[in-house]
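I have placed the structure first, in the form of structure tokens, so that the comments after it can refer back to it.
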Amino acid sequence: MQREVAFVLLCCRVFVKTADVAELIAFVQEKELDWDMVYRVSERHRIRPLVYRVLSEARVWTREDAKQGEQRFSTFCRVFSVFAFERQMELTRIAGLLRKQGIAVKVYKGLDFSRVVYGDIGLREFTDTDIMVDIADITQVIQIMISEGYSCSGMDFFRRFPERYVTMYKDICFEREAPRGAVYSFEFHYRPVKYFMQEQYSFEELLGRGYLENEVSLRGYYNLMLLNHGSSDYFPNLRALVDMMVLKQRVTGELPEALRRFEQLWQALAVQLLHYQVVPENLGTDKALMRTIDAVMKRLLRVRIRRMSYVKRVGIQVGFEKEWIEKARTIWKGIFFLLVPNGEDIRGQGSSLFSIYYFTKAFRLIKKNLKLL
Amino acid sequence: MNETPKISTEDIVRRVEDKFMISQLGDEMVLMDIQQGHYINVNPVGSYIWNKLVAPVVVKDLIVSLTETYNISVQQCEAETLKFLQQMRQHHMVSVHAA
């Protein structure tokens, strides 16, 4: 394992309290570090504020060789805090506008997760602002967001073929330029799971009735994050593992049976990478899970990584499924999702017959692939 | 315009959090005034003071605590602490009460 990757892992372990600061200081004293690489590994795993905080508390930045690293981390963290504050302000404004119109909304993940679980909105990297909303209110949400200057790439699709849109997509997204650069990005979710995921839950099943009125409990977050980091993304970075560990240290109670293997997956990864103490049971008998652990582990330890492609994502899910029937179902759903027209195929076209867009999509994909050749 | 009354070492101060969003950056802090939209950067000593003010503190006790933590004379510490508290008060970051 590369030295800088090991160092960043040790920072995470100090944060989740499976290592102490003395180990971190000894590591810095014994090994010469490429601080640029430490930064890039932290960036890749979306844990720059966490690493900066751990190293500040350990007084590592006072070392002469660490000064350059300190500069880079502190600059990012300062900018990121302002980013988080601005998104919180805009969120408060937008949520207020929606509630005034009688639309019940509940913020979750992103900002809310940082506040509830980490206690500091600047400590956990995030990009989008996620909001839960009832599907019945989406049309009104679109009107309000558009009138507030936001654009929505899925709007045309949703307006013309709402039932198909809702079947295929779990949310509708809006963007607007923010005053200090970057964009405000809002995602309104009417269900927590993507179309091609095997584990199909509603918010109500996971969080209980009245979920739009109540705070998301830690148990609720644990289940949501198992779906989001696990079933949807297969724990793509250390941020996901740290989230799960921090949550698990604070929650009790039963887990839905369909999510148990995702819990085993993160626990097995965390045992090896973060020295998590609870070794999941009966792993050896679940060959599909063992293979997935290996695949995800290899990916996590890579220094540079691209965003997981759709095909790769479906491939991991196929490997994860235990039964052949489930594997076949995943492949079918994966192919179907790939073939179904999306907003790009529908935009600017006038036909009210949805099936015509299968041809538009095929044409667009062929054109796109020819350009790549 | 009325001048803000001076803070004395006998006064009791306490931080006011509800008007701010706060993020800890290592030893430092960034605050955002929710109503005004201003950002305030607080250095490590300021951050130490902010953390001490979670409960009401008599200014002179705060100065003792600072001189014990940082290598600084009582006179210099008193002057700089009172100046800093005054700035905090102008930004509505603290409430001040006479002992």
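The values are calculated or read from the model by the stated rules, or taken from the named source; none is laboratory data. Since this is a predicted model, take the numbers as computed values, not measurements. In this analysis, Cβ positions are derived from the backbone assuming ideal geometry, glycine residues included, and neighbour counts consider all displayed protein chains.
Summary table below
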| quantity | calculated |
| --- | --- |
| Close pairs from the stretch A:327-355: first at pLDDT 80 or above, partner part of a loop (DSSP other than H, G, I, E, B) and hydroxyl-bearing (Ser, Thr, Tyr), Cβ under 8 Å, at least 6 apart | A:333/A:195; A:337/A:195 |
| Those residues of the stretch A:43-58 which are within 14 Å of chain B (Cβ to nearest Cβ) and either touching a Lys or Arg at 6+ places or on another chain (Cβ under 6 Å) or within 25 Å of residue A:296 (Cα to Cα) (or both), in sequence order | A:48, A:49, A:50, A:51 |
| Filter result (in contact (Cβ under 8 Å) with a residue 24 or more places away in the chain, among the β-branched types (Val, Ile, Thr) and out of contact with any Leu (no Cβ under 7 Å at 6 or more places or on another chain)) within the stretch A:115-145 | A:116, A:127, A:131, A:133, A:135, A:138, A:142 |
| The listed residue being at pLDDT below 85, exposed (fewer than 13 other Cβ atoms within 10 Å of the Cβ), over 23 Å from the mean Cα position of the chain (by Cα) and not hydroxyl-bearing (Ser, Thr, Tyr), out of A:180, A:209 | A:180 |
| All helices (runs of 4 or more DSSP H) inside the stretch A:20-119 with 3 or more residues being of a type outside the set (A, V, I, L, M, F, W, C) | A:21-30, A:35-44, A:48-57, A:67-100 |
| Residue in the stretch A:188-200 that is touching a residue at least 24 places away in the same chain (Cβ under 8 Å), assigned to a strand (DSSP E or B) and surrounded by 14 or more Cβ atoms within 10 Å (Cβ to Cβ) present | yes |
| Which listed residue is more than 18 Å from residue A:120 (Cβ to Cβ), exposed (fewer than 14 other Cβ atoms within 10 Å of the Cβ) and either hydroxyl-bearing (Ser, Thr, Tyr) or more than 14 Å from every other protein chain (Cβ to nearest Cβ) (or both), from B:76, B:35, B:86 | B:76 |
| Residue among B:53, B:66, B:62, B:25 that is under 13 Å from the mean Cα position of the chain (by Cα) and closer than 20 Å to residue A:59 by Cβ | B:66 |
| Considering residues of the stretch A:60-84 that are within 11 Å of chain B (Cβ to nearest Cβ) and loosely packed, with under 15 Cβ neighbours inside 10 Å only, the residue farthest from the chain's Cα centre (by Cα) | A:62 |
| Of residues in the stretch B:47-66 being assigned to a helix (DSSP H, G or I) and within 14 Å of another protein chain (Cβ to nearest Cβ), the one farthest from residue B:10 (Cα to Cα) | B:47 |
| Pick from the stretch B:12-21, criterion within 15 Å of the chain's Cα centre (by Cα) and buried (at least 19 other Cβ atoms within 10 Å of the Cβ), ranking: farthest from the other protein chains (Cβ to nearest Cβ) | B:13 |
| Subset of the stretch B:1-46 (residues that are among the acidic types (Asp, Glu) and in a strand (DSSP E or B)) | B:28, B:33 |
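Table: residues versus (1) at pLDDT 90 or above; (2) more than 19 Å from residue B:27 (Cα to Cα).
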residue: A:56; (1), (2): yes, no
residue: A:75; (1), (2): yes, no
residue: A:79; (1), (2): yes, no
residue: A:82; (1), (2): yes, no
residue: A:87; (1), (2): yes, yes
residue: A:109; (1), (2): no, yes
residue: A:117; (1), (2): yes, yes
residue: A:122; (1), (2): yes, no
